[in-house]
Amino acid sequence: MRGGGEEGDGAKNQTHPSLSSSCPLTSPSSQTQEQSTNDIWRCICTSVHRAIAQNNIDPHSIRGIGFDATCSLAVFTHDTDEPVSVTGPNFDSSASGNDHNVVLWLDHRPVEETKLINNTKHNLLRYVGGTMSIEMEIPKVLWLKNNMPKELFDRCKFYDLTDALEHIATGNEKRSFCSVVCKQGYVPVGVDGSVKGWQEDFLKEIGLEDLAEDNFKRMGGVNGVVSLFLSVLVQFLNSCEFLWSPLLCRQLKATNACLFSVIPEKELLTNISTRRLTERRVPLCR
């Protein structure tokens with residue numbers, strides 16, 4: 001994990017050197033590569049604190065935080081928002097503290113699932129290069145359905161890792177178009193006749209029709225109906241589902257104290273609506 005800083009008005013920015021923190025990686029077999037969002041978050045906190053301290057960044061100057069990550073699948077329970085172990089065959093989160101809920105991009109377990117997906121020749125494959133890579137996320141979701149106990153899979157919700165980190169930081173269920181289009185087979189509304197973004201006929205053909213329930217809520221939902229899909233920051237600011245308040249600020253600091261404790265509450269309350277921030281930066285509070 002790396003944490004760094006950038007300051008300026010958009011025209012003249014100064015980039016501060018990033019600081020890294022190693023995150024454990026688990027390989028139960030030669031084809032499986034897993035991590036934990038709990039470990040990743042701890043490393044993010046460590047890196048951010050180091051970057052602030054070693055670059056002499058004034059915490060009062062911090063206006064937002066952004067995340068970037070690999071094309072990896074993160075899995076949580078939709079009812080309790082807890083990590084779901086992706087380690088087969090038992091998928092037991094209580095076993096030896098196994099909270100490995102991230103299937104990494106380089107995990108190649110869904111060989112047969114990837115073949116099945118590409119054999120559909122579905123039109124959405126045009127938007128991921130003609131075929132879906134084994135390193136993308138829908139093959140991994142299908143592998144989990146084929147191998148997990150049904151009652152456990154039915155409790156799962158799925159994120160690209162970048163969106164998962166934003167979820168951990170803010171509690172929202174928003175997704176980025178970059179994540180869902182490039183990695184999960186989403187076709188934006190209006191493109192090639194797409195009505196809801198997610199292609200229900202495709203999911204049904206590959207055996208993931210249950211993900212269409214509740215307006216695809218477990219994948220992030222239908223844009224503007226269940227959640228919001230973001231392409232530019234102004235979309236986030238104009239359509240924010242949060243209650244931007246001192247109470248929320250205190251909640252964020254309580255639940256993510258390791259990261260947000262470096263930022264004074266009065267700065268979390270700063271109005272950032274007129275600030276020039278890049279697409280993937282997440283405003284903390286307003």
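Note on E200 and T26: their simple-model spin labels are 3.7 nm apart, each label 7 Å out from Cα toward Cβ.
With the gyration tensor restricted to C-alpha atoms of the stretch 66-182, the semi-axes of the equivalent ellipsoid amount to 23, 19, 12 Å, longest first. Between Q33 and L104, D107, H108, the built amide H atoms are under 5 Å apart, and every one of these is 5 or more places off in sequence or on another chain.
What the phi angles of the stretch 51-59 give under the Karplus curve with 6.51, -1.76 and 1.60, with θ = phi - 60°, is a coupling list of 4, 5, 5, 6, 9, 6, 7, 6, x Hz, glycine and proline written as x. Our coupling estimate for the stretch 79-93, obtained by passing each phi through the Karplus curve with A = 6.51, B = -1.76, C = 1.60 and θ = phi - 60°, is 8, 10, 6, 9, x, 10, 4, 9, 8, x, x, 9, 6, 9, 5 Hz, Gly and Pro reported as x. 3J(HN,Hα) couplings calculated from phi for the stretch 32-39 with the Karplus curve 6.51 cos²θ - 1.76 cosθ + 1.60 (θ = phi - 60°) are, in sequence order, 10, 9, 10, 9, 10, 5, 5, 5 Hz; Gly and Pro show x.
What Kirkwood radius, in Å to one decimal, follows from the Cα pairs of the stretch 135-227? Taking every pair of different Cα atoms in the stretch 135-227, averaging 1/r and inverting gives 13.6 Å. Our summary gives the stretch 14-142 a relative contact order of 25 percent, counting only alpha carbon pairs under 8 angstrom and 6 or more residues apart.
Only the coordinates and a few stated rules stand behind these numbers; no lab work does. These figures come from a predicted structure and were not determined experimentally. As a convention, Cβ positions derive from the backbone with ideal geometry for all residues, glycine included, and neighbour counts pool all protein chains shown.
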